[in-house]
Amino acid sequence: MSVSKSEIIEVAPAEQVTHFESGNEMAATAAAQINYHIMGYFPITPSTEVAQYLDQMKARGLHDIQLIAADGEHGSAGICYGAAMAGARVVNATSSQGFLYMLEQLPTQSGTRFPMVLNLVTRAVSGPLDIRGDHSDLYYGLNVGWVILTASTPQAVYDMNIMALKIAEHSKVRLPVIVAYDGFFTSHQKRKVQYFKENEVVRNFVGPNPNHNYPNVSDPTRPVTIGAHMGGDDLLNNHYQLSEALEKAGDVYEEVSREYALLSGREYPVLDLYCMDDAEVAVFLLNSAGESAKDTVDALRAKGIKAGLVRPNIIRPFPTEQLRTALKNVKALLVGERADSYGAQGGNLTHEIRSALQVDPENKTIILSRIFGLGGKDFYADDAEAFFQLAIDAAEKGYADKPFDYYGYYPGEAKDALVSVIEPLHGDVFKTGLIQVTQNEDTGMLKVKLPPLSQLTVKPHRLAPGHGACPGCGALSALELFFKGIEGDMVVLFQTGCAYVVTASYPYSSHKQTFVHNLFQNGAATLAGMVDAFYELKRRGEVQVSDDVTFVMVSGDGGMDIGMGATVGAALRNHKMIILEYDNEGYMNTGSQLSYSTPMGHMTSTSGVGKTQKGKKGHHKDTAQILAACNIPYVFTAAECNPQDMLQKAAKAQWYANNVGTVYGKILCACPLNWKTPDNKGYDLVKAAVDSCFFPLYEIEQGSTNITYNPELKSKRIAAVEWLKGMGKTKHLLKDEEMLQNFEAEIERRWSRLKLRHENSLL
């Protein structure tokens, strides 16, 4: 428990180590030193590194945190909540859309009063997609009942992560805490930092785990009911208690920060007030922008201008009283916000500051609001000076000409209008008539007649050159090959992933046909709405299209983890579309974290290899069989090393998608960067995966399984080790006989079952 101010005894700061580290590294360091019980997580830029660093530490035996890779951020929030209900100490990290995806769970956790710590590495919220830093995700968290600390430097990230747990578990609070820091500005930039040399210093500061003293699910001798349905009166009382606890968290924050200052030598007051003693004009900024503006304050002071800066270290509870005191003599304050509350004539914090000052009848401060720095737009000294000038002008006039505006936007000029570099293509250019699909009248099965592959080169590429894929990327070449088997017009939706990012970066697009992007987890549902709307509009005569359009969703980079719910839902509804997964065995777009498609034992940035762990635990997800269980008309696997096989399946997929319903296809694609292989070895590695039966080629047509390439019958089957030894990510497996045997046994088990299904159409 924290001590009151009167009880604090002066002590010398504990021994610390000086390094140059980033904010993400410091969040992971604090978590490791605390030695949390559980971290449920899901990779998303720019917070992903927190889990990566913790996994690296885990592999070296530096902590005992159980890192649980979730199926998505909603799942990670559920994991954390469940662990907290069990009385565990819990940590997580997320950003942007991931924070919004878990948002549903957050009020439940605060409403039932289970503490944890969440690092929110702030990032712009879609749409459109932007992976850089602003505060639009943070603002969604203002009303979920969590304490919110704001860390402006990597040092503050470390310190506040330690303080956050002590605040969260305090008997007067018992609430989860967010530590918010700026994506890339703070998360990735390295600065001089200090951290405690001995882990015990941190553990002694946070104290023993107090959660066992409160109702939890881990003690069967004390049964509890958590989350019972409430009526209006009870819910009102519940939320009143939550509000009271959140208000008390402000006092507890001050107690804990004073205690921590004695231990560390670093102070974090509620408001960081820079030159505010006699300030007449001031700027209010969160996090890293506030640090940047301090030099501007110094420059203005040198000119005789009484400028000051206000930067909060905590915004929930909102520091109302402290702001009233700080701004009592300020003539004009400009509130700079990296997020807008659209249509409200100012961001959220602008209105909260105005409300705080409105209660004070003596305060005459003019409040200006400017939205700036969205999508990671840099904030320089000149920008801070412009903010101060706006405040100075308002102070001199006694009013603001424009109380609210965006800062730094560019309205554009006619001369800068975008000009198409390539002509979009449609219709007959993609119709060759060379691919013929016929249906057997007796069996209903399809037969495809292909021309020589060289003749299909007359079909133009669906993707233009100039994309940004890595050298040797197998995803785009495999997609182009598959698209060669599609005749006519196509609408393609890409979920977030490598194939999306490298082909559509505004204002450029490599797509010659209609292309859309939607979020990682929701592609199948989005395409389902799109395709059914198309057919309904066509039925009503509102769309004049003679031929059907083929609708294709492209997923990959773990999209069949986070997007599995929407995919299964679309399959069960049997919409007329193709769901195509390029399987590169990880979340490659965010730096090669483990996916459920990652094979057992393979090394990723979140399944490290060291003295305490040996790559990913558990075998890879068999997505094709999961989708086959949804009884859709056609499921297939394919690989670029067998081009005719892939083209035949593409033609079948189009026929079924346009005439019957949902098709699912899985294509194995090499990722040289994260498989740790030479750029020119992708084809050989994919072929080895197929020939070892790790990735068998087959189709399930109308419930009947057909192996389309059997390396055993062609005397081409190889041992799995021949595939594994070609990749840097699996070198350690070659030295572990037990794990290697387990890996090969699972391949054999799946292959044997597949052969039985091939031989018996009822299986």
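The values are calculated or read from the model by the stated rules, or taken from the named source; none is laboratory data. This is a predicted model, so every value here is computed, not measured. Ideal geometry is used to build each Cβ from the backbone, glycine not excepted, and the neighbour counts take in all protein chains shown. All accessible areas refer to the heavy atoms of the entire protein, side chains included, with ligands and DNA or RNA removed. Shrake-Rupley method; radii C 1.70, N 1.55, O 1.52, S 1.80 Å.
Per-residue answers, yes or no, for (1) more than 22 Å from Ile79 (Cα to Cα); (2) at pLDDT below 95; (3) small (Gly, Ala, Ser):
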residue	(1), (2), (3)
Gln97	no, no, no
Ser110	no, no, yes
Pro115	no, no, no
Arg123	yes, no, no
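Residues in segment 386-410 that are crowded, with 18+ Cβ neighbours inside 10 Å and not aromatic (Phe, Trp, Tyr): Leu390, Ala391, Ile392, Ala394, Ala395, Ala400. Evaluation of Gln495 against the conditions (1) farther than 19 Å from Thr662 by Cα; (2) in contact with a Phe, Trp or Tyr (Cβ under 9 Å, 6 or more places away or on another chain); (3) of a type outside the set (A, V, I, L, M) shows that the sole unmet condition is (1). Gln741 meets all of the listed conditions (1) open to solvent by less than 80 Å² (accessible area, probe 1.4 Å); (2) in a helix (DSSP H, G or I) but one, namely (1). Being open to solvent by 10 Å² or more (accessible area, probe 1.4 Å), touching a strand residue (DSSP E or B) at 6+ places or on another chain (Cβ under 8 Å) and either free of Cβ contacts under 8 Å to residues at least 24 places away in the same chain or closer than 30 Å to Thr567 by Cα (or both) holds for only one residue in Leu118, Leu103, Leu67, and it is Leu67.
Among the residues of segment 70-81, which ones are open to solvent by less than 30 Å² (accessible area, probe 1.4 Å) and over 23 Å from Gly523 (Cβ atoms)? The answer is Cys80, Tyr81. Residues that are among the charged types (D, E, K, R) and either within 33 Å of the chain's Cα centre (by Cα) or on the phi > 0 side of the Ramachandran plot (or both) are absent from segment 702-724 altogether. Listed here are the helices (runs of 4 or more DSSP H) enclosed by segment 436-545 that have at least 3 residues being within 18 Å of Lys649 (Cα to Cα): 474-484. Can you tell me which residues in segment 185-195 are open to solvent by 60 Å² or more (accessible area, probe 1.4 Å) and more than 14 Å from Asn161 (Cα to Cα)? Result: His188, Gln189, Lys190, Arg191, Lys192. Residue count for segment 411-435 satisfying the condition of being open to solvent by less than 90 Å² (accessible area, probe 1.4 Å) and either small (Gly, Ala, Ser) or within 23 Å of Gly376 (Cα to Cα) (or both): 6. Can you name the residue in segment 358-382 that is part of a helix (DSSP H, G or I) and closer than 21 Å to Gln345 by Cβ and, of all such residues, is least open to solvent (accessible area, probe 1.4 Å)? Per the stated criteria, the residue is Leu374. Of all residues assigned to segment 659-671, none qualifies as being open to solvent by 20 Å² or more (accessible area, probe 1.4 Å), under 24 Å from Gly556 (Cβ atoms) and small (Gly, Ala, Ser). Against the test of being buried (at least 22 other Cβ atoms within 10 Å of the Cβ), over 25 Å from the mean Cα position of the chain (by Cα) and not basic (Lys, Arg), the options Gly485, Gly497 yield a single qualifying residue, Gly485. For segment 198-213, taking the residues that are over 30 Å from Thr18 (Cα atoms) and open to solvent by 70 Å² or more (accessible area, probe 1.4 Å), the one that is farthest from the chain's Cα centre (by Cα) is identified as Asn213. Within the bounds of segment 680-698, is there any residue that is touching a Ser or Thr at 6+ places or on another chain (Cβ under 8 Å), surrounded by fewer than 18 Cβ atoms within 10 Å (Cβ to Cβ) and in contact (Cβ under 8 Å) with a residue 60 or more places away in the chain? Scanning segment 680-698, I find no residue that is touching a Ser or Thr at 6+ places or on another chain (Cβ under 8 Å), surrounded by fewer than 18 Cβ atoms within 10 Å (Cβ to Cβ) and in contact (Cβ under 8 Å) with a residue 60 or more places away in the chain, so the answer is no.
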